[in-house]
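The values are calculated or read from the model by the stated rules, or taken from the named source; none is laboratory data. Model, not experiment: these values are computed from the prediction. Cβ: placed from backbone, ideal geometry, glycine included. Neighbour counts: every protein chain shown. Surface areas here come from the heavy atoms of the whole protein model, side chains and all, with no ligands, DNA or RNA. Shrake-Rupley method; radii C 1.70, N 1.55, O 1.52, S 1.80 Å.
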Amino acid sequence: MRSITRLAAAALAVATVAGAEQQRSAIPAKPDDKAILHVLNRTGFGARPGDVERVREEGIAAYIERQLRPHSIDDRDVDARLAALETLRMSPRELASGYFIPALDARRAANARPAPDTMTMDAPPARTPEEMQAARKARQVLVELSEQKVLRAAFSERQLEEVMVDFWFNHFNVFAGKGATMNHVTAYERDAIRPHVFGRFRDLLGATAKSPAMLFYLDNWQSAGPAARPGGQRAGLLTRGGQRRPQRGLNENYGRELMELHTLGVDGGYTQQDVVNVARAFTGWTIDQPRLGGGFRFDERLHDGGEKVVLGRTIKAGGGQSDGERVLDILASHPSTATFIATKLVRRFVADTPPPALVARAAGRFRDTGGDIREVVRTILTSPEFFAPPAYRAKVKTPFEFVVSAVRATGTDVFEAEPLVQAVRQLGMPLYMCQPPTGYADRADAWVNTGALLNRMNFALQLVSGRMRGVRPGSGAAGAALGGDVSAATAATIAKAADPRQTAALTLGSPEFQRR
């Protein structure tokens, strides 16, 4: 048996190498600076001074392969930068007891006090210094989470991993501003998203489905079957306080977004009846005390135990929690899911209008490997379409990408990231605060307008002038981030700069730098 296993492993290794060699054929053997910058812009958040030379020495193929296996990369510098952000390591229960519950109690205490006089009845009650401190402390959780996102993107050596975390969080978006969702967002990114960004799509899908952040955001935690008896009592009966208990019912929000946004896509071949049956399958998937930071639990009393038919597949009655697992299996292995995920990844890495042939190959890789995300990304990053010159700078940077790439291009050091977080918000992309489940747009038309470009120029001036709190401008003029590949108009504008800092600001504000 051992010899057979060794033979199988050897065969797999040969096949892997052969596949990798085939994929590497599209990578330029002698890349110029444009090709290297293209790789740095798409597999990360742009070039730092000296990055082009480092990648040229290592070789693009080796660089991409290393980025695809981030745990092989030493990242102690960014670990040190994150050490002071203590909430990143806390559980939802610790965050609830130490940050959110005290703020909630303080708000209730303030609301319970009478207004100081009748002239200000409509004004919010004044808060005590202790109540304001509790509110600031609660906000600090989101601030630290946002700071780590900026710091990782700007300084992590595992650039592709950060791109993938950003991509998958946006794909499985939750809105931190909705109720108790914030209690769970730190753990959502850390425990549900990050560990699976290069793994099997089914594992990632399952982790998000059971996350309290997703269960609360899309209301599934309250979804119940027709015979549900929450808390052991029949819905609609009176509570101890004499109020009528809210009538629970089937909530289709998660079931609909699961198919439309997370797996099949809006044209993926499902019907309204599929939405209803998927929602029925997930009844009972709820949260144990969400505002106290509790985790996932299955409540049989809320579950619709009847038979369901989803996309033509029958889920027998009496399955309990496994009904939801069965739905995830069906959706993760559906051909429409392969195409939908491949399309979004190709749009992220190649062009707003994804080349159909590459989408087909990436979707095929998804199906052949059982949804192995690393293999799908490798297919895209080593494809002829990825290295075709028309793909260079074909994508417009989001505000987050623009701010982080400006930090990297200028060699700016950051010892307090909150001002950069505020800059991203002022440019129209508040981190973790995208309200719709679609996440932020990944197309140019969402981010290109005259006002946005003016705001980006103002940010660039502030960054390089030394007037921004929390940063130390670097000596980089940012020109290396463009590789000298600029229009005559841009070159003439930059040439008018009076000093190196003006040169850096004009470079960051140029049309070429807005693209990656």
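The table that follows gives values for the structure above.
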item: Residue in the range 384-404 that is farther than 28 Å from VAL174 by Cβ and crowded, with 23+ Cβ neighbours inside 10 Å present; result: yes
item: Among residues of the range 43-62, those that are of a type in the set (Lys, Arg) and either open to solvent by less than 20 Å² (accessible area, probe 1.4 Å) or not in a helix (DSSP H, G or I) (or both), counted; result: 1
item: Yes/no for ALA362 being open to solvent by less than 50 Å² (accessible area, probe 1.4 Å), over 21 Å from the mean Cα position of the chain (by Cα), within 19 Å of ASP442 (Cα to Cα) and touching a residue at least 12 places away in the same chain (Cβ under 8 Å); result: no
item: Total residues in the range 135-177, condition of a type outside the set (A, V, I, L, M, F, W, C) and open to solvent by less than 10 Å² (accessible area, probe 1.4 Å); result: 6
item: Test for PHE167: is it at pLDDT 95 or above and assigned to a helix (DSSP H, G or I); result: yes
item: Subset of the range 467-481 [under 27 Å from the mean Cα position of the chain (by Cα) and at pLDDT 85 or above]; result: MET468, ARG469, GLY470, VAL471
item: Residue selected from the range 63-83 under the condition assigned to a loop (DSSP other than H, G, I, E, B) and of a type in the set (Asp, Glu), by the criterion surrounded by the fewest Cβ atoms within 10 Å (Cβ to Cβ); result: ASP74
item: Verdict on LEU261 being among the aliphatic types (A, V, I, L, M) and within 14 Å of TRP221 (Cβ to Cβ); result: no
item: Options ALA452, ALA460, ALA446: the member that is out of contact with any strand residue (DSSP E or B) (no Cβ under 7 Å at 6 or more places or on another chain) and surrounded by fewer than 16 Cβ atoms within 10 Å (Cβ to Cβ); result: ALA446
item: Among (1) within 21 Å of GLU162 (Cα to Cα); (2) open to solvent by less than 30 Å² (accessible area, probe 1.4 Å); (3) of a type in the set (Ser, Thr, Tyr) - the single one THR343 does not satisfy; result: (2)
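Conditions (1) over 16 Å from LEU258 (Cα atoms); (2) among the acidic types (Asp, Glu); (3) surrounded by 14 or more Cβ atoms within 10 Å (Cβ to Cβ), marked per residue:
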{"residue": "GLY293", "(1), (2), (3)": "yes, no, yes"}
{"residue": "LEU302", "(1), (2), (3)": "yes, no, yes"}
{"residue": "LEU311", "(1), (2), (3)": "no, no, yes"}
{"residue": "ARG326", "(1), (2), (3)": "no, no, yes"}
{"residue": "ASP329", "(1), (2), (3)": "no, yes, yes"}
